[in-house]
1. Do the conditions hold for V237, that is, is it assigned to a strand (DSSP E or B), assigned by TED's automatic domain parsing to the domain that holds P369 and crowded, with 16+ Cβ neighbours inside 10 Å?
2. In the range 201-226, what count of residues is obtained for those that are over 24 Å from N341 (Cβ atoms), in a strand (DSSP E or B) and not charged (D, E, K, R)?
3. Taking L662, is it more than 31 Å from the chain's Cα centre (by Cα), assigned to a loop (DSSP other than H, G, I, E, B) and not hydroxyl-bearing (S, T, Y)?
4. Which of the residues spanning the range 332-349 are part of a loop (DSSP other than H, G, I, E, B) and crowded, with 24+ Cβ neighbours inside 10 Å?
5. So for the range 308-318 (the condition being outside any helix (DSSP H, G or I) and modelled with pLDDT of 95 or more), does at least one residue qualify?
6. Could you please find all residues in the range 718-734 being part of a loop (DSSP other than H, G, I, E, B) and without any contact (Cβ under 8 Å) to a residue 12 or more places away in the chain?
7. Looking at the range 445-487, which of its residues are within 19 Å of A520 (Cα to Cα) and aliphatic (A, V, I, L, M)?
8. I need a count of the residues in the range 718-748 that are over 28 Å from W534 (Cβ atoms), exposed (fewer than 11 other Cβ atoms within 10 Å of the Cβ) and polar (S, T, N, Q).
Amino acid sequence: MDTSLNDGWYISPSCHGPFEPVTLPHDWLIADVASFTRSSERWYRRSLDCSCLKGDERLFIDFDGVYQECTLSVNGVEALTHHYGYTAFHHDITDLVTPTADNEVTVHVQYHFPSGRWYTGAGIYRDVRLIAKGPRHFAIDGIAISTRHYDGTWHWDATAQVVADCPYQTRHTLLDDGLPIEAWDVDNPVLYRLKSELICAGEVVDTEYTTFGFRTIDFDSDHGFFLNGRPLKLKGVCLHHDLGSLGSACRSEALERQLRLMKEMGANAIRTAHNPPSAHLYALCDRLGLLVVSEFTDVWNLAKNRWDYSSHFAACMESDVESWIRRGRNHPSLIMWSIGNEIADTHLDPPAATETIARFLSLIARYDPHHRAPPTLCSNYLNWENTQQCVKPIALVGYNYGASLYAEHHRRYPDWVIYGSETCATVQSRGIYHFPFSLPTLSDDDKQCSALGNGITSWGTASIEECLRVEEETPYSLGQFIWAGIDYLGEPTPYHTKGSYLGHADTALFPKDSYHLFRAAWRSEPVLHLFPSWDFNDGEVVDVRVYSNAHSVELFVNGEGQGRVTLGLSYSATWSIPYRRGTIEARSYDRANAQIASVQRTSFGEATGLAINEERIGNLLFATITAVDEQAQAVENARCRVNVTARNGRLLSLDNGDATDLESYHNPSRRLFSGMLLAIAEGAGVSIEARIDEDDIPVRAIRLTRDGWTVRATILPHEASDRTLHWRLTDRMGVDSPLADLIISEDG
């Protein structure tokens, strides 16, 4: 028996109650944005009917992840304490339960802040299972499978860890054994199942089914990565584990939506920054055809935060590595075990770090006996000699923002297999444009970052185009993992808000303009993306940009040509033109000057209605709500407040992707951000209804007109609730200027 134990739970902030019903997976922090930075604790409990136990069967409870520190008790008896919030663990509770009586399971979870550099969430945030096995059985996660290809044929082998007090045999059978066997590939992720049987005294006493795929991986220091003998550049993204407005509660439906969006962008690989992923992520990547760099931790012995894993690393590392490896080793998507991210120990305490690396390598060899994936280290310390010496036993070396070191290190360490484990780090807010494009600024009053492509950080790349160019010109690099695929909560950068701006889709999974630049570079089909939205002050000089993988592109304003640009490896073109209401159009051409595609942006009016597009995955409904004007055109800078209702189901959250919006995700009302809002609801027949709140009308835009030295402002829409204007006289960098006096009229 292997059954879900996600329902029937109750939760309380006190061990004495009162307790309220809760369904797992659950993250208690996400309900209140202000609680992200406060330590707290919760008690989870549920009754357990164990009457299903037969004879001498053993009963296990299995947790895929509980954040942060937890204590499991059964019928008032403490069973275990687990410290690392990202590794799975299980416990045999047979001797603590009574099959003929009601039993109670209690999990006390403590969340300490700060314990991570990003939003961690808190609670039993991954799946819980109840597993019954006979006294002689396969150990949980005890099957290990290998695949090889030689003499034109696929071969497989399997080993098993068995718990038995008598002689036994194991029998492994490949199911779905159609010939010929197809290789698992990113473009054709074919999966098979292995049936494993444990036989004692001629009787099958336990059976396990394992999903896996046939594939080979190879790494070459001069020629890069090979999947099934085929060279493949890694087009990877780093992803934190939160799911936007759902927090860290691991709903497979929401995770699938994330991964599909990255796959559609052209990504073929995921780096699980910076912790072991959920079982769902592995399974989804297997099914979708995404490669996985599975990362263990962000810290070793030297702390980055007061309450992080460093305080338990020495004592718990071996058992946590065992859990990490055993749970992931059979997945065909897995290509690397990352033993750490930006580990300062390698620079500041190299003797201890060298010893730690040796322990990691020994444990990986023990628990991944078929060498399904090699170890790697992702580091931003590789410009230092200490770290270079530490990583010598590791064949694969990941560089965080270290592309400038590639050529030198490739010459100095010719056996190193080099790749960009963390690159890019540009910042952008969806639908926000700060002009001019030539001026990168991160000090704007709106606490937003420009999506034009001019939001750069001090440690990241000079531009996304540069990031892409480096990989095009570095054949020995395996590829890169951009930071980050999707905006994430916590680690606010560059403003003190609730989250980052570093993703190429926001937390609601609405793509930013930069998403389409990666599509242009990473996908083979034609891509043509035109931005910004077309709604500015008359005569204002606007930088219009195009992302495309065509040979050349041309821009038109109200039918008038503005010139053609040959793209090359930049995948981008820019025109600076005065705004005129109407339509801008981009056309793309091949090398023979034949038109491939065209795309338009048209000026829009005030929001008069809402368009709802529903996407259903499993038991969740994801509804995209977009403001539209009288001509049904999207109002791309609308900020209307929208009231949302779920019919025949439960509204889980609303998210607009705005890092500055501190309202609760659980409110049934929220403002649009850049014209859009996501509603997530649960239920087999659930549907979403939404309406604009006529009592709370925010400012959408401010139109400026100039007459000599006089500037006049017009607020749109005219019926906006708050019409207060705040004036400042600044230079182009947003710094207050003393070069003139600002006189404001009595009407503001």
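The values are calculated or read from the model by the stated rules, or taken from the named source; none is laboratory data. Since the model is a prediction, treat every value here as computed from it, not as a measurement. All Cβ positions, glycine included, derive from the backbone under ideal geometry; neighbour counts span all protein chains shown.
1. yes
2. Looking only at that region, the number is 8.
3. no
4. Of everything in the range 332-349, those that are part of a loop (DSSP other than H, G, I, E, B) and crowded, with 24+ Cβ neighbours inside 10 Å turn out to be P332, S333, I343.
5. So far as the range 308-318 goes, yes, one or more of its residues are outside any helix (DSSP H, G or I) and modelled with pLDDT of 95 or more.
6. Those that are part of a loop (DSSP other than H, G, I, E, B) and without any contact (Cβ under 8 Å) to a residue 12 or more places away in the chain: H718, H726, D731.
7. Of everything in the range 445-487, those that are within 19 Å of A520 (Cα to Cα) and aliphatic (A, V, I, L, M) turn out to be A451, L452, A462, I464, L468, V470, I482, A484, I486.
8. The number of residues fulfilling the criteria is 1.
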